[in-house]
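Below: one structure, written as structure tokens.
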Protein chains: 2
Amino acid sequence: MTASTVLDEAELLERHGVLPSAQRLAIAQYVLRTDEHPSADQVFAKVKRALPMVSRATVYNTLNLFVDKGLLRAHVLAEGKVVFDPNLAPHHHFIDEETGAIHDVPWSALAVSNVDALEGFDVHEYQVVLRGKLK
Amino acid sequence: MTASTVLDEAELLERHGVLPSAQRLAIAQYVLRTDEHPSADQVFAKVKRALPMVSRATVYNTLNLFVDKGLLRAHVLAEGKVVFDPNLAPHHHFIDEETGAIHDVPWSALAVSNVDALEGFDVHEYQVVLRGKLK
DNA sequence: ACGGACCTTAGACTGTGTCTAAAGCGAGAC
DNA sequence: GTCTCGCTTTAGACACAGTCTAAGGTCCGT
Ligand SMILES: [Mn+2]
Ligand SMILES: [Mn+2]
Ligand SMILES: [Zn+2]
Ligand SMILES: [Zn+2]
């Protein structure tokens, strides 16, 4: 994986109009592959292990750039932090009330009816947000 | 309304185990009747008009107390602020992407199927969060 | 080499929410 | 009527997420 992974990440960034740099690649290699829904400061902590001199501002700038360029989505699902999600397909979220962990729920696992018929609202996107404990 | 409204609020607080004070009543009279989904600092701004000496700490303490006592629900629907909602019945939320305004969507307006059959998740509550523009 | 565009950096700054320590208040006890 | 004790309120300090600024670094094209 290693060498070809980095090349693939560079290509992916370029295809989305993002010039690859060492910092952007290090951030991409973690955040575009995780299923942890990390916050910006969690990304910062992870990336510092691979690239100790990276700055907090660069991590925030890069995550926001990735969102703008369509490489990542940002979600607000709990108090106090935005989380980043490389899963670009529509899906729902389950939040473990005991740990705060966020789990993806496939779009096909649930069905929401009547969205198009809602009076007065022109809905661009929606998701079901579920809370509970793991079974 | 006015005089009997205050009495009703005091009774409501007492029934939920909250000792009524002038500050708590002033906060209750706004936040338990609004449909604006205000943030704590929006509540603070409103309540200061009626009770100019009220402190920010009291507003935060009181809103959290109301949530603990089941008079209010707190929601995190956008970055950077918790909003408070006196509508205790299950319902969904539509967020106007242009203004950030939050609108209630009645539970009966949508139907979510298959929640109970989700593998691995013991769901305690859920809601649909919709974003778009007003029609 | 040089210039210029773009990127990264440290740290200051802002806004939301919590905590602390001291003062205020009010319903009984006397 | 005053005391007292628990509860409430207050101002401001504090903690943390996120943004901004100003300065310096990097990468190319010439
Ligand atoms: Mn952002
Ligand atoms: Mn809270
Ligand atoms: Zn997700
Ligand atoms: Zn609501």
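Read-outs: derived from the displayed coordinates by stated rules, not from any lab. Quick caveat: nothing in here was measured; it's all calculated off a predicted structure. Please note: Cβ atoms are built from the backbone with ideal geometry, for glycine as well, and neighbour counts cover all protein chains shown.
Couple of notes before you dig in:
- Segment B:91-132 shape via C-alpha gyration tensor axes, a/c threshold 1.5: prolate
- Set of aspartates and glutamates near residue A:133 by C-alpha distance (under 15 Å), chain-local residues within fewer than 8 positions excluded: A:96, A:97, A:98, A:104, B:116, B:119, B:122, B:125
- Assuming charge only on the beta carbon of Lys and Arg (+1) and of Asp and Glu (-1), the dipole of chain A about its Cα centre is about 620 debye to the nearest 20.
- Chain B: relative contact order as a whole-number percent, Cα under 8 Å and 6+ apart: 20
- Segment B:49-118 versus segment A:9-66: alpha-carbon centroid distance in Å: 33
- Taking the number of Cβ atoms within 10 Å of each Cβ as an exposure proxy, the fewest-first ranking of A:31, A:112 is A:112, A:31.
- Relative contact order (%) - criterion: Cα under 8 Å, at least six apart; region: segment B:91-132: 52
- Computed over segment B:9-85, the ratio Rg/Rh where both radii use C-alpha atoms and Rh is Kirkwood: 0.93
- Placing a label point 7 Å from the Cα of residue A:74 along the Cα-to-Cβ direction, the residues of segment A:28-42 whose backbone N falls under 15 Å of that point are A:38-42.
- The mean sequence separation of alpha-carbon pairs under 8 Å and at least six residues apart, normalised by the residue count of segment A:58-135, gives a relative contact order of 24 percent.
- Fewest-first sequence of A:56, A:73 by Cβ atoms within 10 Å of each Cβ: A:56, A:73
- Partner lysines for residue A:48 [C-alpha distance under 22 Å; skip if fewer than 8 residues away on the same chain]: A:81
- Longest to shortest principal axis, alpha-carbon extents of the protein assembly as shown, angstrom: 74, 43, 40
- The long axis of helix A:22-31 is offset from the longest Cα principal axis of chain A by roughly 30 degrees.
- Comparing chain B with the 2.2 N^0.38 Å rule of thumb, its C-alpha radius of gyration ratio is 1.18 (two decimals).
- Counting only Cβ charges, +1 for Lys and Arg and -1 for Asp and Glu, the dipole size of the protein assembly as shown around its Cα centre is about 940 debye.
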